[in-house]
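**Q** Can you keep this structure in mind? I'll have questions shortly.
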Amino acid sequence: MEIPQRDRSYASVVVDAMGEVAPQIAAPSEKTLLFGENAVLDSVAFITLLVAIEQRLDGRVDLSTAFLELGATPGDANPFRTVASLARHLETMAGG
C-alpha cells in the first residue's frame, strides 16, 4: 500500500526518527514492521522511536498515551504496526 501524499511528511518523520534510533535499519519503507511479530525494533527502540517522533513534531501529538490506549489492537489494525500505518495515525492525531 502506498502512502497517500498528505501522509508522506509524517512518513518522513517516522523514517528520519528511525535513522536516529535504529541506524542499522538501512532503508525502512512504508511496509517496515515497527511493532508486533517480526518487527525490526525491540521494545526499547520502539518506545524511543515514539519519543523521537513526538520531539520532531514539537509535542503536537502524544504517541506514548496513544500507544497505551491502542497498542493492544490486534494485527494489521494496529496503527503502530508499520511506517505507513503510523504515518496515517500521526495525520489523524494532528487533525489533518
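The values are calculated or read from the model by the stated rules, or taken from the named source; none is laboratory data. Worth saying up front: this structure is predicted, and the values here are computed from it rather than measured. We place every Cβ from the backbone using ideal geometry, glycine too, and count neighbours over all the protein chains shown.
**Q** Taking Glu91, is it acidic (Asp, Glu), assigned to a helix (DSSP H, G or I) and buried (at least 17 other Cβ atoms within 10 Å of the Cβ)?
**A** Answer is yes for this residue.
**Q** Take the residues in the range 1-38 that are of a type in the set (Lys, Arg) and modelled with pLDDT under 90; name whichever of them is nearest to the chain's Cα centre (by Cα).
**A** Once the filter is applied, the top-ranked residue is Arg8.
**Q** What residue, among those in the range 69-85 that are surrounded by fewer than 20 Cβ atoms within 10 Å (Cβ to Cβ) and under 14 Å from the mean Cα position of the chain (by Cα), is modelled with the lowest pLDDT?
**A** Gly71
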